[in-house]
Amino acid sequence: MPANCNNKFALLVTGMLPPFVKWDFLRLLLLSFLAASLFSLSSPVEAGTTLTSRTTLLRNREYAEALLEGIRNARKSVILSFYLFKVTGSRGNLPRKIAEELLNARKRGVDVTVILEKQSGDKDPLNEENRQTAAFLNRGGVKVFFDSPHVTTHTKTAIIDSRYVYLGSHNLTQSALRHNNELSVLIDSPEMAAEAKAYLDRL
């Protein structure tokens with residue numbers, strides 16, 4: 001607030017302003033408050049905007065634990081978009097545990113969607129691994145989509161209940177979830193979830 005406004009405010013509090021100045025000053029304060037309120041209500045969230053959120057760093061194996069917990073607690077929706085989702089029959093396979101939790105969520109009535117990468121070459125091992133996972137998920141009612149083979153979708157993203165966003169380096173492979181040095185974040189922010197979903201909707 002400018003210095004002259006501070007002085008007027010001090011005089012207003014002490015009752016030393018003349019009545020006509022007092023009412024003019026009060027009108028100015030009221031108009032300023034209304035303008036600020038209308039501006040805040042009408043300003044949409046734009047790309048690149050800094051949003052208030054709670055962020056948790058997920059190192060290495062912490063990611064799988066956090067994602068499994070998030071899926072187990074999901075009540076409305078789960079959206080996953082991953083470059084590679086490699087489910088195997090090996091004992092202790094973490095991607096399979098994640099896939100099974102997605103099926104359990106679907107049984108609870110949660111809307112579950114998975115977006116996977118598809119390379120242009122039919123013989124690419126990534127395509128076969130993602131197709132096998134897609135077939136496993138489809139049998140349990142999970143919706144699975146593949147991106148265009150002409151564009152690589154290298155995302156590693158999960159959005160749960162339009163509030164929790166998982167972003168980072170982890171693919172859904174045993175190597176990434178158990179052995180590699182990987183780093184991701186869990187963001188608790190409905191605004192960020194909305195932006196992330198809008199991005200995935202355009203893929």
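Going by the conditions given, is Ala134 in a helix (DSSP H, G or I), within 20 Å of the chain's Cα centre (by Cα) and modelled with pLDDT of 95 or more? No; evaluated as a whole, the condition is false for this residue. Counting the residues of region 54-71 that are of a type in the set (Lys, Arg) and surrounded by 12 or more Cβ atoms within 10 Å (Cβ to Cβ) gives 1.
Quick one: count up the residues across region 172-190 that are more than 8 Å from the chain's Cα centre (by Cα) and surrounded by fewer than 21 Cβ atoms within 10 Å (Cβ to Cβ). Residues flagged as more than 8 Å from the chain's Cα centre (by Cα) and surrounded by fewer than 21 Cβ atoms within 10 Å (Cβ to Cβ) within region 172-190 amount to 8. In region 75-93, what residues are hydrophobic (A, V, I, L, M, F, W, C), buried (at least 21 other Cβ atoms within 10 Å of the Cβ) and under 20 Å from Val165 (Cα atoms)? Across region 75-93, the qualifying residues are Val78, Ile79, Leu80, Phe82, Phe85.
Yes or no: Arg163 more than 18 Å from Val114 (Cα to Cα), touching a residue at least 12 places away in the same chain (Cβ under 8 Å) and out of contact with any Cys (no Cβ under 9 Å at 6 or more places or on another chain)?
When the stated conditions are applied, Arg163 does not pass them.
Pairing residues of region 116-142 that are closer than 12 Å to Leu172 by Cβ with residues that are assigned to a loop (DSSP other than H, G, I, E, B) and among the hydroxyl-bearing types (Ser, Thr, Tyr), at Cβ distances under 6 Å and at least 6 apart in sequence or on separate chains, gives Glu117/Tyr83; Glu117/Thr153.
When Ala176 is tested against (1) in a loop (DSSP other than H, G, I, E, B); (2) among the aliphatic types (A, V, I, L, M); (3) touching an Asp or Glu at 6+ places or on another chain (Cβ under 7 Å), only condition (1) is not met. Among residues of region 88-112 that are under 21 Å from Leu126 (Cβ atoms), those with a beta-carbon under 8 Å from a residue that is of a type in the set (A, V, I, L, M) and part of a loop (DSSP other than H, G, I, E, B) at least six positions away or on a different chain give the pairs Asn93/Val87; Pro95/Val87; Arg96/Val87; Ala99/Val87; Leu102/Val142.
The values are calculated or read from the model by the stated rules, or taken from the named source; none is laboratory data. It should be emphasised that the depicted structure is a prediction, and the values quoted were computed from it without experimental measurement. Neighbour counts run over all protein chains shown; Cβ positions are idealised from the backbone, glycine included.
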